[in-house]
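These notes concern the structure reproduced below.
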Amino acid sequence: MRTVGPRSVHPAAWAGLAALAAGAVLCAIGWYGVSGERFAERQLPYLASCTVPGAALIVAGAVLLTYGRGALAASRVERLYELLVVTGAPPRAEAGAGPLATSDELRTVPDGTLWHRADCPLVEGRADAAPVDAAGAVERGLAPCPLCEPPAGS
């Protein structure tokens, strides 16, 4: 599988930039030709041969740029999938296999409704997680976390 780096650009994006540039040049030439003619019948050839195709190229360039961005995003998603799934990341524990945390130290967060083990994924690394004992948590009306299954208060 070919991967695209974050700084590389899809070929459709390059084609879109080229179409935008060519369209801008044609529109400028058409404007210059129209501005130099006094009569409408002498302005029509510039509109037909430069301005209208230039505007069409600008629209086509915008579409190609949008497609190029989408293709780049798709290649990034494929690379992320490759990193996370294909390389054989360790499988996560199944839901019924037991608690996610095993620490005996209990924590709670301000304005929280649960108490947790210290290594619970919901509070691990949080600076505002404060130590609490199970009995004090029950007195405060907190419930045990269903993920880490802390010991019930006595």
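Enter the Cα centre distance for the pair the range 69-83 and the range 11-27, rounded to the nearest angstrom.
25 Å
If amide H atoms are built 1.01 Å from N in the plane of the peptide, which residues on other chains or at least 5 residues away come under 5 Å of the amide H of TRP115?
Result for TRP115 returns ALA143, CYS145.
Please report the net charge: other residues with Cβ closer than 12 Å to the Cβ of GLY112, K and R +1, D and E -1.
Numbers: positive: ARG107, ARG126, ARG140; negative: ASP111, ASP128.
Taking every other residue near GLY112 into account, the sum is +1.
So what are the ³J(HN,Hα) numbers for the range 51-64, from phi and the Karplus equation (6.51, -1.76, 1.60; θ = phi - 60°), rounded to whole Hz, Gly and Pro as x?
In residue order, the calculated couplings are 5, 5, x, x, 5, 5, 5, 5, 5, 4, x, 5, 5, 5 Hz.
Read-outs: derived from the displayed coordinates by stated rules, not from any lab. Not measured: the values here are computed from a predicted model. Counting neighbours? That spans all protein chains shown, and the Cβs are built from the backbone with ideal geometry, glycine included.
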